[in-house]
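First the structure, in the form of structure tokens, and then the observations on it.
The values are calculated or read from the model by the stated rules, or taken from the named source; none is laboratory data. Fair warning: this is a prediction, and the values are worked out from it, not measured in the lab. Methodologically, a virtual Cβ is constructed for each residue, glycine included, from the backbone with ideal geometry; neighbour enumeration extends over all protein chains shown. Side chains are part of the model used for accessible areas, which takes the heavy atoms of the whole protein and leaves out ligands, DNA and RNA. Shrake-Rupley method; radii C 1.70, N 1.55, O 1.52, S 1.80 Å.
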Amino acid sequence: MVKIIIQGIHGKMGRKLLEMIEQRSDCEVVAGVDKFKAPCVVPVFSSLDECTVSADVMIDFSNPAATDAALSICAAKNLPCVICTTGLSDETLAKLENASKSTAVFKSANMSVGINLLILLAKKANAVLGTDFDIEIIEKHHHNKLDAPSGTALMIADAIKENASGIEYEYVYDRSKVRRKREVKEIGISAVRGGSIVGEHDVMFCGQDEVITLSQSAASRDVFANGAVNAAVYLAGKPAGLYSMEDMLSL
Ligand SMILES: NC(=O)c1ccc[n+]([C@@H]2O[C@H](COP(=O)([O-])OP(=O)(O)OC[C@H]3O[C@@H](n4cnc5c(N)ncnc54)[C@H](O)[C@@H]3O)[C@@H](O)[C@H]2O)c1
């Protein structure tokens, strides 16, 4: 039985995780971390540092400052962690890399199987279509989302960029400031915020007289929660290192 601590336990994703893990027989939630105080079925601490309950793995769905603080503690305690929080700064990403030298760290800005498959397809599409096709990524999320563009849109763009040969792609988020033609090396990334949209990502490959669009839409947060719990079970007991959905799904 894998013992899990949830950081951000009172948030939308934290509550979903708690609900989902209750239905499973391979893992259990032993404690939570949240700065917000609310009744809970497990002990909740205001920081991971104060948590006195031992566990096999921590799942983090909180905010970048809390993630940053938790990474130091996970590294010091050799507590494997699944980092799902998005909008992490370059400093926190460097800290995450560093923490992975001391403990197992799993990171994905999108825990759904669908998005990770879409990334694989997007890399393949770019390899086949090349620079004859302009790449535009459009992401849509609910009106409470703080970061833009989404961590997932950046994850898709990064994967295409890292996989591309013979071209150094640059990201363009805003076309309102300059008047000039679009360049081939651009990956346009646009964010839409509205209502209760859980998460939609379109990757468009726009060529002469044809457009190919890869699209993924999440209808509920269950797809992320399910991926995060599977990642936690996968990570428990793993040696130090940086792990991804690609490793878990053998993509
Ligand atoms: N990787 C994925 O698949 C995925 C999916 C959904 C959301 N997310 C990301 O996860 C994060 C959380 O999403 P959410 O929708 O649950 O947000 P939310 O705002 O509903 O919940 C965040 C929780 O973290 C707590 N928190 C904030 N600061 C804290 C601190 N310093 N210490 C302890 N707890 C703190 C808040 O009190 C809140 O309960 C966001 O960054 C979001 O973009 C990632």
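Taking segment 34-44, which residues are near the ligand (Cβ under 9 Å from one of its atoms) and open to solvent by less than 50 Å² (accessible area, probe 1.4 Å)?
Selection gives Asp34, Ala38.
Okay, residues lined up against (1) farther than 27 Å from Pro64 by Cβ; (2) more than 18 Å from the chain's Cα centre (by Cα); (3) within 13 Å of the ligand (Cβ to nearest atom):
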{"position": "Thr131", "(1), (2), (3)": "yes, yes, no"}
{"position": "Asn144", "(1), (2), (3)": "no, no, yes"}
{"position": "Asp158", "(1), (2), (3)": "no, no, no"}
{"position": "Glu170", "(1), (2), (3)": "no, yes, no"}
{"position": "Ile187", "(1), (2), (3)": "no, yes, no"}
{"position": "Ser196", "(1), (2), (3)": "no, yes, yes"}
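Considering each residue of segment 229-248, count those that are closer than 13 Å to Ile115 by Cβ and among the small types (Gly, Ala, Ser), and give that number.
Residues that pass the stated criteria total 1.
I'd like to verify a number: residues in segment 47-60 that are closer than 17 Å to Tyr243 by Cβ and either near the ligand (Cβ under 10 Å from one of its atoms) or open to solvent by less than 10 Å² (accessible area, probe 1.4 Å) (or both), how many?
4
Looking only at segment 154-169, decide whether some residue is surrounded by fewer than 17 Cβ atoms within 10 Å (Cβ to Cβ), assigned to a loop (DSSP other than H, G, I, E, B), on the phi < 0 side of the Ramachandran plot and modelled with pLDDT of 95 or more.
yes
Of the conditions (1) assigned to a helix (DSSP H, G or I); (2) more than 30 Å from Ala159 (Cα to Cα); (3) not aliphatic (A, V, I, L, M), Lys16 clears all except one; give me its number.
Among (1) assigned to a helix (DSSP H, G or I); (2) more than 30 Å from Ala159 (Cα to Cα); (3) not aliphatic (A, V, I, L, M), Lys16 violates only (2).
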